[in-house]
1. Report, by residue number, each residue of the stretch 96-130 that is among the aromatic types (Phe, Trp, Tyr) and over 19 Å from Leu64 (Cα atoms).
2. Look at the stretch 104-121 and say how many of its residues are surrounded by 13 or more Cβ atoms within 10 Å (Cβ to Cβ) and either in a helix (DSSP H, G or I) or without any contact (Cβ under 8 Å) to a residue 40 or more places away in the chain (or both).
3. Can you name the residue in the stretch 2-25 that is in a loop (DSSP other than H, G, I, E, B) and at pLDDT 90 or above and is also nearest to Asn52 (Cα to Cα) among such residues?
4. Any residue in the stretch 31-43 that's without any contact (Cβ under 8 Å) to a residue 40 or more places away in the chain: show its pairings with residues that are outside any loop (DSSP other than H, G, I, E, B) and of a type in the set (D, E, K, R) at Cβ separation under 7 Å, as long as the two are six or more apart or on different chains.
5. Criterion first (in contact with a Ser or Thr (Cβ under 9 Å, 6 or more places away or on another chain) and either assigned to a strand (DSSP E or B) or farther than 29 Å from Ser122 by Cβ (or both)) does Glu34 satisfy it?
6. I need the full set of residues from the stretch 44-71 which are assigned to a strand (DSSP E or B) and free of Cβ contacts under 8 Å to residues at least 24 places away in the same chain, in order please.
7. Could you pull out the residue among Pro48, Pro55 that is surrounded by 10 or more Cβ atoms within 10 Å (Cβ to Cβ), over 30 Å from Lys85 (Cα atoms) and at pLDDT 90 or above?
Amino acid sequence: MERNEESKIQVAVTKLIKKAHAHKLQLNESKCKELQITSAKTDLQFNPILVNKQPLETVSTAKLLGLNISHDLKWNHLISEITRKAAPQFYFMRQLKRANIPTKDLLTFYSMMQLSTLEYASPVFHNSLPKYLSDNLEQLQKQTKKYLPPLTLFRSTSKSKRPTSTF
């Protein structure tokens with residue numbers, strides 16, 4: 001959109017509202033948010049987007065299918081969320097290890113809980129991560145080595161029975 005150009009987003013939202021009404025649906029304006037994606041250093045002021053004659057709340061980050069999207073398209077918020085979610089799982093893994101849970105069960109917990117948390121949506125963001133954020137994720141994965149014996153971290157496929165290291 002060019003500077004001082006009128007936004008066409010309200011027209012698109014109005015069309016969406018009409019389609020929703022045609023299908024006997026109604027948008028809940030209290031659950032709708034506006035995320036303004038920009039690389040500008042200063043806050044740009046736009047006319048508010050109206051749904052049911054109510055302006056939408058403008059947010060700096062939004063969660064879409066579990067993926068945190070920031071207004072500046074940086075991944076810092078997402079990585080901090082992943083770190084926050086992984087911390088209790090590392091604590092639980094440490095407790096399982098202290099309770100002498102079999103290695104097979106520790107590996108099951110790791111692959112079901114920790115690995116899924118650490119690698120969720122990684123194909124989306126991994127190639128665009130700055131080195132310091134990528135190193136942060138790698139450090140979290142390497143912490144797991146303390147709780148599992150060597151050579152137990154592997155993935156096997158139905159075609160190949162040979163284990164492959166995840167690190």
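1. Answer for the stretch 96-130, where residues must be among the aromatic types (Phe, Trp, Tyr) and over 19 Å from Leu64 (Cα atoms): Phe109, Tyr110.
2. 11
3. Taking the candidates together, the pick is Leu25.
4. Lys33/Glu57; Glu34/Glu57
5. Numbers: in contact with a Ser or Thr (Cβ under 9 Å, 6 or more places away or on another chain): yes; either assigned to a strand (DSSP E or B) or farther than 29 Å from Ser122 by Cβ (or both): yes.
Against the criterion (in contact with a Ser or Thr (Cβ under 9 Å, 6 or more places away or on another chain) and either assigned to a strand (DSSP E or B) or farther than 29 Å from Ser122 by Cβ (or both)), Glu34 qualifies.
6. Applying the first criterion (assigned to a strand (DSSP E or B)) to the stretch 44-71 yields 50-51, 54-55, 57-59, 61-64, 67-70.
Once the filter is applied, which keeps residues that are assigned to a strand (DSSP E or B) and free of Cβ contacts under 8 Å to residues at least 24 places away in the same chain, the stretch 44-71 yields Pro55, Lys63, Leu64, Asn68, Ser70.
7. Working: Pro48 fails: at pLDDT 90 or above.
After applying the criteria, what remains is Pro55.
To keep it simple, each residue is scored yes or no on (1) modelled with pLDDT of 85 or more; (2) among the aliphatic types (A, V, I, L, M); (3) closer than 30 Å to Lys18 by Cα.
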site: His71; (1), (2), (3): yes, no, yes
site: Arg98; (1), (2), (3): yes, no, no
site: Lys104; (1), (2), (3): yes, no, no
site: Phe125; (1), (2), (3): no, no, no
site: Gln141; (1), (2), (3): no, no, no
site: Lys146; (1), (2), (3): no, no, no
site: Arg162; (1), (2), (3): no, no, no
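The values are calculated or read from the model by the stated rules, or taken from the named source; none is laboratory data. Quick caveat: nothing in here was measured; it's all calculated off a predicted structure. Neighbour counts run over all protein chains shown; Cβ positions are idealised from the backbone, glycine included.
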